[in-house]
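See below for the structure under consideration.
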Amino acid sequence: MSLTFPVARSMFEGGVAVVLAKYVFGLGELGSAAILSAPVFANLTAGLWAGLARGRSRGPLASALLTVFCVCVAATAVLPASLWGGWLFVGLVVLGRSLLAGWAAVRTDLWRANYPRSLRAAAAARFDILATFLLAMAPVLMFPLIDHRGELFRLAYPAAAAVGLWGAWSVRKLRRRHAGRLLRLERAGLDPLDPDGGRRARGPGLWGVLRVLREDAAFRRYMLWQFFGGTANLMGNAAIIYHTVEVMAGSAWEGTASVVLNASLPMGLMLLTMPWWARYLDRVHITTFRSRQGLVWVATQSLNGVAAGLGAGAFGLAAARVSQGVAFGGGGLAWQLGHHDFASPERAGAYMGAHQVLTGVRGLFAPACGVLLLAGWPGGSVEIAGWEVSWPGFDGVGAWVFVLTTGLALGSCLGFWRMHAAHGGGGGPDDAS
């Protein structure tokens, strides 16, 4: 799976899809903001996927989700190269990323059941390293063809989908320890937290999220500071991706250059640093990890501001993207595994569901805010049922948006530091597992 499915997934990564949307379909700020928001607000579908997964074997379900994702990638080939086709492409990206949110929800059950706390980050890193390499390299191999002749995206996207299907079909064989007992509880409609007390199971929708946050004050604080840090990252990353695409427009091999800076370079640094981050995460509590790793987010947002504010060109942008990749190396692992340091084994799915929903909430506004604050939007008007509705244009604040994201990242880092000081380090509630 790690050898093949990432090839298909790479085609819908934000730093890649935005390039296609601009250079082939002619989408502007709003379309780019929607694509960059899609991976995050798709997490709002976590409740749907948790309900679908309850009582079902995880392997076949994961295979079905990833197969439909590959179909979405292949369907890009039939879209017209027009603004209308561009918005259809946005729809496919949103649907595809929602399916990946389902895969993330299923995967958290497999991580928790199959790996003890002391080995979980290292195991996740081994799987993610190969996947990240392919996510970084596949678009670089395909976009020179699209730069040479735009219509070749009609061949590149189905080819990537065909490779990804092999991995999608292979995950049906994945196994989950103690699956029989857990599936019996799920099919009986009982909450694994209290299977003998008659409590009915609840999914990670709004009420499930509120229940988890109400019952666990430490996790509630963790989610608060995660919200600040995640908002900073989403706003800053979306803004710098859009800025990079604008800077590279008109240059030689503009699509390939944008993909290298927006996807391949940060993913390459993520690949190199992930093993180090994984060893550190396996030794410390997530709040300790976040208090250190958060410093890299602060540096990244500062470098984004310097690169955009000074008009530093490709080399300045490359420095900012290197820092982003180092931050991604730890941030991706922490996002997948951090909630396990608060959840008991039976509640891992509920905690991940709460995490996904809150990630989706900030995904509804943060990437769009980053792009629109940076670049602004044109004024205009439209007639609706005989009434003319108009809105003013906005020129944006430019690189000043990164002052805001740096402040949010710093606040998050300080919050995690306070939690680390109170916790005193150590592992999570399942250290003995």
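Just by accessible area at a 1.4 angstrom probe, what is the order of E254, E13, E388 from largest to smallest?
Reading off the accessible areas and sorting them downward yields E388, E254, E13.
Taking K and R as +1 and D and E as -1, what net charge do the other residues with C-beta under 13 Å from the C-beta of H423 add up to?
+2
Can you give the local net charge around W225? Use residues other than it whose beta-carbon is closer than 15 angstrom to its beta-carbon, Lys and Arg +1, Asp and Glu -1.
+4
Once you have all Cα-Cα distances for the range 286-348, histogram them in 10 Å bins from zero and send the whole-percent values.
Spelled out bin by bin, the range 286-348 gives 22, 38, 23, 12, 5, 0 percent.
Could you work out how far apart the two model spin labels at R292 and R418 are, taking each label as a point 7 Å from the Cα in the direction of the beta carbon, and quote it in nm?
2.3
How far is the Cα center of the range 215-241 from the Cα center of the range 367-404, in Å?
24
Provide the per residue accessible area, probe 1.4 Å, for the range 357-424, rounded to a whole number of square angstrom.
Per residue, the range 357-424 has an accessible area of 56 Å².
Starting from the Cα of R279, step 7 Å toward the Cβ, then list every residue of the range 298-333 with an amide N under 18 Å from that point.
Residues 326-327, 329-331, 333 fall inside that zone.
For F394 and E246 in the same chain, what is the full-extension length gain: residue separation times 0.36 nm, less their Cα-Cα distance, in nm?
Result: 51.5 nm gained on full extension.
Estimate the FRET efficiency between R220 and A81 by the formula 1/(1 + (r/R0)^6), using the beta-carbon distance for r and 45 Å for R0, to the nearest 0.05.
For R220 and A81, the calculated efficiency is 0.40.
The values are calculated or read from the model by the stated rules, or taken from the named source; none is laboratory data. The shown structure was predicted, so the numbers you read here are calculated from the model rather than taken from an experiment. When we count neighbours, we look across all protein chains shown, and the Cβ atoms used for this are built from the backbone with ideal geometry, even at glycine. Note: areas computed on protein heavy atoms with side chains; ligands, DNA, RNA excluded. Shrake-Rupley method; radii C 1.70, N 1.55, O 1.52, S 1.80 Å.
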